[in-house]
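The values are calculated or read from the model by the stated rules, or taken from the named source; none is laboratory data. On a predicted model such as this, the values are computed, not experimentally measured, just so you know. Cβ placement follows ideal geometry from the backbone for every residue including glycine, while neighbour counts extend to all protein chains displayed. Note: areas computed on protein heavy atoms with side chains; ligands, DNA, RNA excluded. Shrake-Rupley method; radii C 1.70, N 1.55, O 1.52, S 1.80 Å.
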Amino acid sequence: MSKEWWSAPGEAWPWSYFAFGRRARFFESGEVRLAILSLLSEGPKHGYQLMKELEERSGGLYRASAGSVYPTLQQLEDEGLIEADQLEGKRVFRLTETGRKEVERDPESVRRIWERAERWQEWSQFGNPQKMAVFQPLVALIKACWQASARLPADTGSERIREVLERTRRELDQL
């Protein structure tokens, strides 16, 4: 499997964020704004629709909060990039002509955002981020194996490490 399948040059594998105990940061600075504008370029949407679509496009791995979406919508409205109308009791947002030009100004960034979302969606089949918490101790186990192999004599060290790992695998199989 090629590296490009899961990562663009200079971009980390999505699960690596969980492995090292960090929260994944799906959007870089300014990208939530651009993603919302991009979604609105497809047609008017209310805030909840935007949050659900962001979640769906990432395979459920990114969950936009009202605390990130609504302030961004307000900022976009203040900048004249979107307008809001009431429709069936909901506030629905749509792009203005200025907003459309903003999306069209940097199509490469928009493309990168949605390509990343597709990669995250592909990885979502392996479980949710809470289940991926096992990767942190797994990474620590791998590190301990490397350190032990460096400390122990080559002739017996590898065999002892394999025995420990095999015993651990059997215990996990029994769970």
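Under the condition of being under 21 Å from R57 (Cα atoms) and small (G, A, S), the residues counted in segment 70-118 number 2. Scanning segment 121-143 for residues that are open to solvent by 60 Å² or more (accessible area, probe 1.4 Å) and among the polar types (S, T, N, Q), we see that the one that is modelled with the highest pLDDT is Q136. Quick one: would you say D85 is out of contact with any strand residue (DSSP E or B) (no Cβ under 6 Å at 6 or more places or on another chain) and over 21 Å from R119 (Cα atoms)? Considered against the rule, which asks whether it is out of contact with any strand residue (DSSP E or B) (no Cβ under 6 Å at 6 or more places or on another chain) and over 21 Å from R119 (Cα atoms), D85 comes out as no.
Cβ-Cβ distances below 7 Å connect the following pairs, each with a first residue in segment 150-169 that is touching a residue at least 12 places away in the same chain (Cβ under 8 Å) and assigned to a helix (DSSP H, G or I), a second residue that is among the hydroxyl-bearing types (S, T, Y) and open to solvent by less than 70 Å² (accessible area, probe 1.4 Å), and a separation of six or more residues or different chains: I161/S149. Do we have any residue at all in segment 55-76 that's free of Cβ contacts under 8 Å to residues at least 60 places away in the same chain, in contact with a strand residue (DSSP E or B) (Cβ under 7 Å, 6 or more places away or on another chain) and of a type in the set (D, E, K, R)? Checked against the condition, which is being free of Cβ contacts under 8 Å to residues at least 60 places away in the same chain, in contact with a strand residue (DSSP E or B) (Cβ under 7 Å, 6 or more places away or on another chain) and of a type in the set (D, E, K, R), segment 55-76 yields no hits at all.
Applying the criterion of at least 3 residues that are open to solvent by 30 Å² or more (accessible area, probe 1.4 Å) and among the basic types (K, R) to the helices (runs of 4 or more DSSP H) found wholly in segment 30-120 leaves 97-105.
Close contacts from segment 103-117, counting a first residue that is without any contact (Cβ under 8 Å) to a residue 24 or more places away in the chain and a second that is in a helix (DSSP H, G or I) and surrounded by fewer than 12 Cβ atoms within 10 Å (Cβ to Cβ), with Cβ to Cβ under 6 Å and a gap of 6+ residues or different chains, come to none at all.
Restricting segment 144-175 to residues that are in contact with a Ser or Thr (Cβ under 7 Å, 6 or more places away or on another chain) and small (G, A, S), the residue that is modelled with the lowest pLDDT is G157.
Please enumerate the residues belonging to segment 14-29 that are modelled with pLDDT of 50 or more and either assigned to a helix (DSSP H, G or I) or among the basic types (K, R) (or both). Hit for segment 14-29 is R25, nothing else.
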